[in-house]
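**Student:** Okay, here's the structure, questions in a sec.
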């Protein structure tokens, strides 16, 4: 009897400790881990054998994909595979293709998220247009690669997984409130391909 009481108390403390450590209830944390595992399994099913280039994170049933694929078709397949997994509410893709094709960026995400030009947050000085993870200046030059990362996940991310199609000059991080594209507080990790404005 005493062992049962001790076990119940230990489980209760462990579950409440999860909330303190991750900022979310134990049940949500385990659901997110299960969704991450199902997304990774689905990516393997659709021929993404090398998951070391694709990072999958889940927070509140929103799946965040980052890293790279070999082609734009692979990027679109990865996004579609993640969206098809049971329990996924939304997919935020920070994937890029290492061998881009001519023409527009292909994505399996809804038009409002990946294809349509998004409003540029005021914090991103020097950026006139955002399309997917690509950021352009007023002249249409690619000046940065922008990743949206949940606030709770930035410290836990392996920053080497964030890649860019061009050399990176410097990095800035901006705290952002929820918006229509990312419906929870997040950071914008900006990998700049041009020098700082004062250095230009």
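Coordinate-derived values only; no laboratory data. Not measured: the values here are computed from a predicted model. Counting neighbours? That spans all protein chains shown, and the Cβs are built from the backbone with ideal geometry, glycine included.
**Student:** Measuring from label point to label point, each 7 Å out along Cα→Cβ, what is the residue 123 to residue 53 span in nm?
**Tutor:** 3.0
**Student:** Please give, to one decimal in nm, the separation of the simple spin-label points placed at residue 80 and residue 151, each 7 Å out from Cα toward the Cβ.
**Tutor:** Each label point is offset 7 Å from its Cα along the Cβ direction, giving 3.6 nm.
**Student:** I would also like to ask the following. Give, in nm to one decimal, the length gained when the segment between residue 194 and residue 98 is fully stretched (0.36 nm per residue of separation minus the Cα-Cα distance).
**Tutor:** Full extension of this stretch gives 32.6 nm more.
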